[in-house]
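Reading through the structure tokens given below for one structure.
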Amino acid sequence: MSVFRRNSSAGIALCALILGIAVLILHGCDESLPPRDAPAHPIDVSIGCTPPPFIVVQYVYVRKGDSLIVASIQDMSIAVNAMNSWDEVLQDTVDLHGTLTIWDVEHPEHRTIMSLEKQYVASPPLTDGLLTLLPGRAAVVDLRWYSYSNDSTNGAIEGFWKRVHVTVSATHSMLTETTDPVHLAMQGSIQLFKKAGRATSPIFYFDVVYRLYVPLGP
């Protein structure tokens, strides 16, 4: 009987100790897990273009009376990717603001500034204006660029091929003008949500060769 009593006392003491530790652990958990707020800058931005970094862009002209007009233009597809770098899902009403700036590296005053707007979001699809980004997934803003500047120092709108050397070849009906490579750079800045700060991409460098086809004769 005395052995049983001694074991019972030890058992009661052990249970009390375990209960006390459990209470301390639970109390500690309550203090160590405050509500999580999204960081001020949960978005990482990158940009790219299709086709990538060395590009040939073709312009075809036709004659209309005494004038030359552009018949077809090969545009460039540019994607601005805004990735959720946080470890939780981001979901909110889209409040997209941002710009994509493209400039001539050798003539940085010769540039294009394009606005990023909600209607250019290519993926993921919006649901009643809500954008949901899983961790590591990106919202893709898809733009088309036609190689004209809109923010030069003299206010002129002109093609980016205007300031480089051009090699000319001709057939009996067509003049072909091929430029030296134009060294360009671009950078995107975007804010997806009201509560998320604006994020800016690294500078992306690429070269473009322009080929212009101009008809000869009337």
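Pairs needed: first member in region 98-115, touching a residue at least 60 places away in the same chain (Cβ under 8 Å) and not assigned by TED's automatic domain parsing to the domain that holds Cys49; second member anywhere, in a loop (DSSP other than H, G, I, E, B) and charged (D, E, K, R); C-beta distance under 8 Å; at least 6 residues apart or different chains.
Note: no pairs meet the criteria.
Tell me which of these Ser201 doesn't satisfy, since it passes every other one: (1) under 25 Å from Ser72 (Cβ atoms); (2) surrounded by 14 or more Cβ atoms within 10 Å (Cβ to Cβ).
For Ser201, the failing item is (1).
Report yes if some residue within region 132-142 is in a strand (DSSP E or B), within 19 Å of Asp75 (Cβ to Cβ) and over 17 Å from the mean Cα position of the chain (by Cα); otherwise report no.
No, region 132-142 has no match at all.
Report, ordered by the first and then the second residue, all pairs with beta carbons closer than 6 Å, sequence separation of six or more or different chains, a first member in region 172-198 that is closer than 22 Å to Leu143 by Cα and in contact (Cβ under 8 Å) with a residue 12 or more places away in the chain, and a second member that is in a loop (DSSP other than H, G, I, E, B) and among the aromatic types (Phe, Trp, Tyr).
Qualifying pairs under 6 Å: Val182/Phe160.
Are there strands (runs of 3 or more DSSP E) fully within region 41-113 with at least 1 residues that are exposed (fewer than 14 other Cβ atoms within 10 Å of the Cβ)? List them.
Of the strands (runs of 3 or more DSSP E) lying wholly inside region 41-113, those with at least 1 residues that are exposed (fewer than 14 other Cβ atoms within 10 Å of the Cβ) span 43-50, 54-64, 67-73, 76-84, 90-93.
Exactly one condition in (1) without any contact (Cβ under 8 Å) to a residue 60 or more places away in the chain; (2) acidic (Asp, Glu); (3) within 20 Å of Asp44 (Cα to Cα) is false for Asp66; which is it?
Result: Asp66 passes all but (3).
I need a count of the residues in region 199-218 that are in a loop (DSSP other than H, G, I, E, B) and modelled with pLDDT of 90 or more.
Residues that pass the stated criteria total 3.
Quickly run through region 155-198 and pick out the residues that are more than 27 Å from the chain's Cα centre (by Cα), in a strand (DSSP E or B) and of a type in the set (Ser, Thr, Tyr).
Correct list: Thr167, Ser169, Thr176, Thr178, Thr179.
Could you tell me whether region 73-90 includes any residue that is at pLDDT below 90 and touching a Cys at 6+ places or on another chain (Cβ under 7 Å)?
Yes, region 73-90 has at least one match.
Quickly run through region 40-70 and pick out the residues that are within 14 Å of Tyr146 (Cβ to Cβ), among the aliphatic types (A, V, I, L, M) and at pLDDT 80 or above.
Correct list: Val57, Val60.
The values are calculated or read from the model by the stated rules, or taken from the named source; none is laboratory data. What you see is a predicted model; the values in this text were computed from it and never measured. Note that we place each Cβ from the backbone using ideal geometry, even for glycine, and neighbour counts take in every protein chain shown.
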